[in-house]
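The values are calculated or read from the model by the stated rules, or taken from the named source; none is laboratory data. Everything numeric in this text was worked out from a predicted model, so none of it was measured. Don't worry about glycine lacking a Cβ; one is built from the backbone with ideal geometry, like all the others, and counts go over all protein chains shown. These accessible areas exclude ligands, DNA and RNA; they are computed on the full protein's heavy atoms, side chains included. Shrake-Rupley method; radii C 1.70, N 1.55, O 1.52, S 1.80 Å.
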Amino acid sequence: MSQPELFQDIARSRRVTRQFLPTPLSERQINRVLLDAQHSPSNCNTQPWHVHLVSGDTRDRLSAALLAADDRHHFTPDFEFDMAAYTGVFAERAQASGRARYEAIDIGRDDHAARQACLRHNLKFFDAPHVAFLFMPQISDYVRAAGDIGMYAQTFLLSLHARGFGAIPQTLLGMYADTVRDVLGVSVEMKLMFGISFGYADQHSASNFVDVGRVALEESVVRHS
(Lines give C-alpha, C1' and ligand atoms only; values in the text may rest on other atoms or scores of the structure.)
Protein backbone atom coordinates (compact mmCIF):
# COMPACT_ATOMS: atom_id res chain seq x y z
CA MET A 1 0.00 0.00 0.00
CA SER A 2 1.40 3.40 -0.98
CA GLN A 3 1.75 6.20 1.57
CA PRO A 4 -1.24 8.16 0.17
CA GLU A 5 -3.36 5.01 0.26
CA LEU A 6 -2.19 4.27 3.80
CA PHE A 7 -3.15 7.74 5.00
CA GLN A 8 -6.49 7.49 3.18
CA ASP A 9 -7.23 4.23 4.97
CA ILE A 10 -6.32 5.68 8.37
CA ALA A 11 -8.29 8.90 7.91
CA ARG A 12 -11.41 7.30 6.43
CA SER A 13 -11.63 4.20 8.61
CA ARG A 14 -11.38 5.94 11.99
CA ARG A 15 -14.50 5.49 14.12
CA VAL A 16 -15.33 6.49 17.68
CA THR A 17 -15.01 3.78 20.30
CA ARG A 18 -17.75 3.56 22.92
CA GLN A 19 -16.63 0.42 24.71
CA PHE A 20 -13.06 -0.32 25.75
CA LEU A 21 -11.15 -3.18 27.26
CA PRO A 22 -9.59 -2.48 30.68
CA THR A 23 -6.08 -3.33 29.41
CA PRO A 24 -3.87 -0.23 29.80
CA LEU A 25 -1.44 1.00 27.18
CA SER A 26 2.24 1.10 28.05
CA GLU A 27 3.97 4.40 28.77
CA ARG A 28 5.96 3.94 25.57
CA GLN A 29 2.82 3.45 23.48
CA ILE A 30 1.20 6.56 24.93
CA ASN A 31 4.34 8.67 24.53
CA ARG A 32 4.55 7.82 20.82
CA VAL A 33 1.02 9.13 20.33
CA LEU A 34 1.75 12.24 22.40
CA LEU A 35 4.85 12.97 20.33
CA ASP A 36 2.84 12.65 17.12
CA ALA A 37 0.24 15.07 18.46
CA GLN A 38 2.94 17.48 19.60
CA HIS A 39 3.77 18.08 15.94
CA SER A 40 0.30 19.50 15.21
CA PRO A 41 0.17 22.94 13.57
CA SER A 42 -0.79 26.01 15.59
CA ASN A 43 -1.02 29.75 15.07
CA CYS A 44 2.53 31.16 14.99
CA ASN A 45 3.68 27.91 16.64
CA THR A 46 2.11 28.97 19.95
CA GLN A 47 1.19 25.34 20.79
CA PRO A 48 -1.53 26.38 23.27
CA TRP A 49 -2.63 22.88 24.22
CA HIS A 50 -2.26 21.87 27.84
CA VAL A 51 -2.96 18.15 28.20
CA HIS A 52 -3.69 16.27 31.42
CA LEU A 53 -3.39 12.51 30.98
CA VAL A 54 -5.41 10.49 33.49
CA SER A 55 -4.98 6.79 34.25
CA GLY A 56 -5.14 4.31 37.14
CA ASP A 57 -6.44 5.40 40.55
CA THR A 58 -6.77 9.04 39.47
CA ARG A 59 -8.95 7.97 36.57
CA ASP A 60 -11.23 6.04 38.94
CA ARG A 61 -11.38 8.92 41.42
CA LEU A 62 -12.22 11.40 38.68
CA SER A 63 -14.95 9.18 37.26
CA ALA A 64 -16.57 8.93 40.71
CA ALA A 65 -16.40 12.72 41.11
CA LEU A 66 -17.99 13.28 37.69
CA LEU A 67 -20.84 10.89 38.44
CA ALA A 68 -21.42 12.64 41.77
CA ALA A 69 -21.43 16.03 40.05
CA ASP A 70 -23.96 14.72 37.54
CA ASP A 71 -26.16 13.47 40.38
CA ARG A 72 -26.19 17.04 41.76
CA HIS A 73 -26.70 18.56 38.29
CA HIS A 74 -23.50 20.47 38.94
CA PHE A 75 -22.64 21.56 35.40
CA THR A 76 -19.74 24.01 35.03
CA PRO A 77 -18.78 24.30 31.36
CA ASP A 78 -16.11 26.82 30.43
CA PHE A 79 -17.69 27.21 26.99
CA GLU A 80 -21.36 27.33 26.10
CA PHE A 81 -22.72 24.27 24.34
CA ASP A 82 -26.39 23.91 23.52
CA MET A 83 -27.52 21.29 21.03
CA ALA A 84 -30.78 23.24 20.62
CA ALA A 85 -28.73 25.89 18.84
CA TYR A 86 -28.13 23.41 16.02
CA THR A 87 -31.02 23.70 13.58
CA GLY A 88 -31.80 22.66 10.03
CA VAL A 89 -29.37 20.26 8.39
CA PHE A 90 -27.04 20.36 11.38
CA ALA A 91 -29.78 19.12 13.70
CA GLU A 92 -30.74 16.46 11.16
CA ARG A 93 -27.17 15.12 11.05
CA ALA A 94 -26.95 15.01 14.85
CA GLN A 95 -30.29 13.22 15.12
CA ALA A 96 -29.29 10.68 12.48
CA SER A 97 -26.06 10.00 14.33
CA GLY A 98 -27.84 9.41 17.64
CA ARG A 99 -30.46 7.23 15.98
CA ALA A 100 -27.79 5.02 14.36
CA ARG A 101 -26.00 4.61 17.67
CA TYR A 102 -29.08 3.64 19.69
CA GLU A 103 -30.30 1.28 17.00
CA ALA A 104 -26.92 -0.48 16.98
CA ILE A 105 -27.15 -1.21 20.71
CA ASP A 106 -30.89 -1.93 20.57
CA ILE A 107 -32.13 0.93 22.76
CA GLY A 108 -35.58 2.17 21.82
CA ARG A 109 -36.59 5.80 21.48
CA ASP A 110 -38.85 5.64 24.55
CA ASP A 111 -36.43 3.70 26.77
CA HIS A 112 -35.40 6.76 28.74
CA ALA A 113 -33.71 4.80 31.55
CA ALA A 114 -31.44 2.97 29.13
CA ARG A 115 -30.63 6.18 27.28
CA GLN A 116 -29.75 7.93 30.54
CA ALA A 117 -27.49 5.04 31.56
CA CYS A 118 -25.86 5.21 28.14
CA LEU A 119 -25.27 8.94 28.58
CA ARG A 120 -23.72 8.46 32.02
CA HIS A 121 -21.39 5.86 30.57
CA ASN A 122 -19.53 8.91 29.22
CA LEU A 123 -18.58 9.75 32.79
CA LYS A 124 -17.09 6.29 33.20
CA PHE A 125 -15.04 7.01 30.07
CA PHE A 126 -16.71 4.04 28.35
CA ASP A 127 -14.44 1.89 30.57
CA ALA A 128 -11.31 3.22 28.84
CA PRO A 129 -8.14 2.98 30.96
CA HIS A 130 -6.88 6.41 29.86
CA VAL A 131 -8.32 9.88 29.29
CA ALA A 132 -6.60 12.96 27.89
CA PHE A 133 -8.15 16.26 29.00
CA LEU A 134 -7.44 19.13 26.63
CA PHE A 135 -7.13 22.52 28.32
CA MET A 136 -6.26 25.88 26.84
CA PRO A 137 -5.15 29.22 28.32
CA GLN A 138 -7.27 32.36 28.25
CA ILE A 139 -6.27 33.96 24.93
CA SER A 140 -8.43 36.73 23.47
CA ASP A 141 -11.79 35.29 22.37
CA TYR A 142 -10.39 31.72 22.43
CA VAL A 143 -11.35 31.02 18.80
CA ARG A 144 -7.84 30.77 17.32
CA ALA A 145 -6.48 28.73 20.21
CA ALA A 146 -9.55 26.48 20.12
CA GLY A 147 -8.81 25.77 16.46
CA ASP A 148 -5.29 24.76 17.44
CA ILE A 149 -6.68 22.42 20.11
CA GLY A 150 -8.89 20.84 17.44
CA MET A 151 -5.89 20.19 15.20
CA TYR A 152 -4.02 18.66 18.14
CA ALA A 153 -6.98 16.42 18.92
CA GLN A 154 -7.27 15.21 15.32
CA THR A 155 -3.59 14.32 15.18
CA PHE A 156 -3.95 12.54 18.53
CA LEU A 157 -6.96 10.56 17.28
CA LEU A 158 -5.35 9.59 13.98
CA SER A 159 -2.15 8.50 15.71
CA LEU A 160 -4.10 6.26 18.07
CA HIS A 161 -6.05 4.75 15.18
CA ALA A 162 -2.90 4.20 13.09
CA ARG A 163 -1.43 2.24 16.01
CA GLY A 164 -4.49 0.04 16.42
CA PHE A 165 -6.07 1.79 19.42
CA GLY A 166 -9.57 3.16 19.89
CA ALA A 167 -10.61 6.61 21.09
CA ILE A 168 -13.55 8.94 21.48
CA PRO A 169 -13.56 12.73 21.87
CA GLN A 170 -16.16 13.62 24.52
CA THR A 171 -17.71 17.07 24.61
CA LEU A 172 -19.76 16.01 27.63
CA LEU A 173 -16.65 15.87 29.84
CA GLY A 174 -16.21 19.59 29.27
CA MET A 175 -19.57 20.19 31.00
CA TYR A 176 -17.90 19.43 34.35
CA ALA A 177 -14.83 21.65 34.06
CA ASP A 178 -14.69 22.68 37.73
CA THR A 179 -14.91 19.05 38.86
CA VAL A 180 -12.07 18.04 36.54
CA ARG A 181 -9.93 20.96 37.66
CA ASP A 182 -10.57 20.21 41.35
CA VAL A 183 -9.59 16.55 41.08
CA LEU A 184 -6.54 17.17 38.89
CA GLY A 185 -5.37 20.35 40.60
CA VAL A 186 -5.59 22.47 37.45
CA SER A 187 -5.60 26.26 37.66
CA VAL A 188 -8.90 27.99 36.92
CA GLU A 189 -6.99 29.99 34.31
CA MET A 190 -6.86 26.86 32.18
CA LYS A 191 -10.13 26.25 30.35
CA LEU A 192 -11.33 22.75 29.51
CA MET A 193 -12.36 22.05 25.93
CA PHE A 194 -13.11 18.32 26.10
CA GLY A 195 -11.62 14.94 26.94
CA ILE A 196 -10.53 12.00 24.79
CA SER A 197 -10.93 8.51 26.26
CA PHE A 198 -8.69 5.92 24.67
CA GLY A 199 -7.34 2.39 24.89
CA TYR A 200 -8.01 -0.96 23.24
CA ALA A 201 -11.45 -1.17 21.62
CA ASP A 202 -13.74 -4.02 22.66
CA GLN A 203 -14.19 -5.79 19.33
CA HIS A 204 -17.28 -7.61 20.63
CA SER A 205 -19.29 -4.46 21.36
CA ALA A 206 -21.86 -3.44 18.75
CA SER A 207 -21.45 0.19 19.84
CA ASN A 208 -18.02 0.20 18.18
CA PHE A 209 -19.32 -0.56 14.71
CA VAL A 210 -21.63 2.37 14.08
CA ASP A 211 -21.04 4.09 10.75
CA VAL A 212 -22.75 7.49 10.75
CA GLY A 213 -21.42 8.38 7.31
CA ARG A 214 -20.35 11.72 5.87
CA VAL A 215 -22.15 14.17 3.62
CA ALA A 216 -21.16 14.56 -0.04
CA LEU A 217 -18.41 17.05 -0.80
CA GLU A 218 -20.91 19.25 -2.62
CA GLU A 219 -22.73 19.88 0.67
CA SER A 220 -19.70 21.35 2.41
CA VAL A 221 -17.26 22.51 -0.25
CA VAL A 222 -17.69 25.48 -2.61
CA ARG A 223 -15.20 25.52 -5.46
CA HIS A 224 -13.91 28.78 -6.97
CA SER A 225 -11.84 28.92 -10.16
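Summary of computed values
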{"item": "Mean Cβ neighbour count within 10 Å, used as a protection proxy, ranking 160-168, 38-46, 123-131, 10-18 highest first", "result": "123-131, 160-168, 10-18, 38-46"}
{"item": "Value of relative contact order over the stretch 144-215, rounded to a whole percent, pairs C-alpha under 8 Å and six or more apart", "result": "32"}
{"item": "Restricting the stretch 61-131 to GluC sites (Glu not before Pro) in coil, as DSSP defines it, with at most 10 other Cβ within 10 Å", "result": "E80"}
{"item": "The stretch 175-225: GluC sites (Glu not before Pro) in DSSP loop, at most 13 other beta carbons within 10 Å", "result": "E189"}
{"item": "Percent carbon-and-sulfur accessible area, the chain, ignoring ligands, DNA and RNA, probe 1.4 Å", "result": "52"}
{"item": "In the stretch 176-225, chymotrypsin sites (Phe, Trp or Tyr not before Pro) in a DSSP loop with at most 16 other beta-carbon atoms within 10 Å", "result": "F209"}
{"item": "Accessible area expressed per residue, the chain, with surrounding protein chains retained (probe 1.4 Å, Å²)", "result": "59"}
